[in-house]
Amino acid sequence: MIAAKGLLAAALLLTGASTPPQAPVRWTLDAISTPGYEASPTFSPDGRELIYLAADARFRGWHLLMTRCVDGTWSKPAPPSFAGPAGTYDADAGYSPDGKGVYFVSTRHDPKGEDFDIYHAARTADGAFAEPVRLPAPVNSPQSELLPRVDAAGNLYFGSSRPGGRGQGDIYVAQQRAGVWQVRNLGAPVSTAANEYEAEVSRDGATLILVADRGDRSHLYHFRKQRDTWREIGRIPARADVFQVGPLLSPEAE
């Protein structure tokens, strides 16, 4: 899992409820380490590309940066080709497991720069990114959507504070069938009366790491799916004096 202000890796594969966690270690590459924030990373399936959220030291001015590993060296970070124009905010990029595209959130459609919606930038045959497409309702709503993550079956998970939820923010899953998107709230125990606003999911769709503020500050919570029902394993140990954000599971996590 990875958190803000430099990239912190817990060096933990969640392969079972009894797996003992290891202490987090700083993983931030020299090429991307700054006095500001680096958070919510995503790696391409081959591990040679990294896209992450960058912001200033007060967590303002969100934008995406991308770096590539060539001959064992990571390149100087630069905005990906699908980055929005100056004055807009991009965040929460996530590669699809097949590497054929990147989901992310952006305010580029909102003149006020307040509403984050989910966009998708498809990968073209030459490896470039096509012009990003804003997903339609009911995936997007008048409220912000956060941290879009897709599993190998094509289920798209994200957080939203849209009306009709169970609390301040909930976790939703969207499925596209015959070109039509269907969205449902994950419900309890993932979505509660508290503020659940981000969820990382394993490729097989059986492990979920929830970011939620349940009264004191944001923490990470581990869930496993059993017979189509989510079961909470517990809170992931971390520093209690800072908030947790942007979790990332290893591709081997099951």
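The values are calculated or read from the model by the stated rules, or taken from the named source; none is laboratory data. Bear in mind the structure is a predicted one, so any value in this text is a computation, not a measurement. Every residue, glycine among them, receives a Cβ derived from its backbone with ideal geometry; neighbour counts consider all protein chains shown. For accessibility, only protein heavy atoms count, side chains too; no ligands or nucleic acids. Shrake-Rupley method; radii C 1.70, N 1.55, O 1.52, S 1.80 Å.
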* Those residues that are on the phi > 0 side of the Ramachandran plot and either buried (at least 16 other Cβ atoms within 10 Å of the Cβ) or within 16 Å of the chain's Cα centre (by Cα) (or both), I need them from segment 182-205; list them, please. => 205
* Asked: Name the pairs: first residue in segment 230-254 and closer than 21 Å to residue 159 by Cα and modelled with pLDDT under 90, second residue charged (D, E, K, R) and exposed (fewer than 13 other Cβ atoms within 10 Å of the Cβ), Cβ to Cβ under 8 Å, at least 6 apart or on different chains?
  -> 242/217; 243/217
* Just name the residue that is nearest to residue 136 (Cα to Cα) out of those in segment 97-118 that are without any contact (Cβ under 8 Å) to a residue 40 or more places away in the chain and touching a His at 6+ places or on another chain (Cβ under 9 Å). => 117
* Output for segment 212-229, where each listed residue is outside any loop (DSSP other than H, G, I, E, B) and either of a type outside the set (Val, Ile, Thr) or modelled with pLDDT of 95 or more (or both) -> 212, 213, 218, 219, 220, 221, 222, 223, 224, 225, 226
* Structure fact -> All conditions in (1) surrounded by 17 or more Cβ atoms within 10 Å (Cβ to Cβ); (2) at pLDDT 95 or above; (3) touching an Asp or Glu at 6+ places or on another chain (Cβ under 9 Å) are true of residue 134 except (1)
* To do: Collect the residues in segment 97-115 that are open to solvent by 10 Å² or more (accessible area, probe 1.4 Å), more than 18 Å from residue 50 (Cβ to Cβ) and touching a strand residue (DSSP E or B) at 6+ places or on another chain (Cβ under 7 Å), keeping them in residue-number order.
  => 109
* Asked: Looking at this structure, is residue 153 among the aliphatic types (A, V, I, L, M) and either under 24 Å from residue 223 (Cβ atoms) or open to solvent by less than 30 Å² (accessible area, probe 1.4 Å) (or both)?
  -> yes
* Condition met for residue 46 (more than 20 Å from residue 199 (Cβ to Cβ), open to solvent by 80 Å² or more (accessible area, probe 1.4 Å), at pLDDT 85 or above and out of contact with any Ser or Thr (no Cβ under 7 Å at 6 or more places or on another chain)) -> yes
* Which of the residues belonging to segment 206-249 are of a type in the set (S, T, N, Q) and open to solvent by 30 Å² or more (accessible area, probe 1.4 Å)? -> 226, 229
* Could you count how many residues in segment 115-138 are among the small types (Gly, Ala, Ser) and under 25 Å from residue 172 (Cβ atoms)? -> 3
* Just one of the numbered conditions (1) at pLDDT below 80; (2) over 30 Å from residue 226 (Cα atoms) is not true of residue 8; which one? -> (2)
* Among the residues of segment 49-96, write down those that are touching a residue at least 40 places away in the same chain (Cβ under 8 Å), buried (at least 16 other Cβ atoms within 10 Å of the Cβ), in a loop (DSSP other than H, G, I, E, B) and of a type outside the set (Gly, Ala, Ser). => 77, 80, 82
* Filtering segment 32-43 down to residues that are surrounded by 14 or more Cβ atoms within 10 Å (Cβ to Cβ) and among the small types (Gly, Ala, Ser), which residue is modelled with the highest pLDDT? -> 40
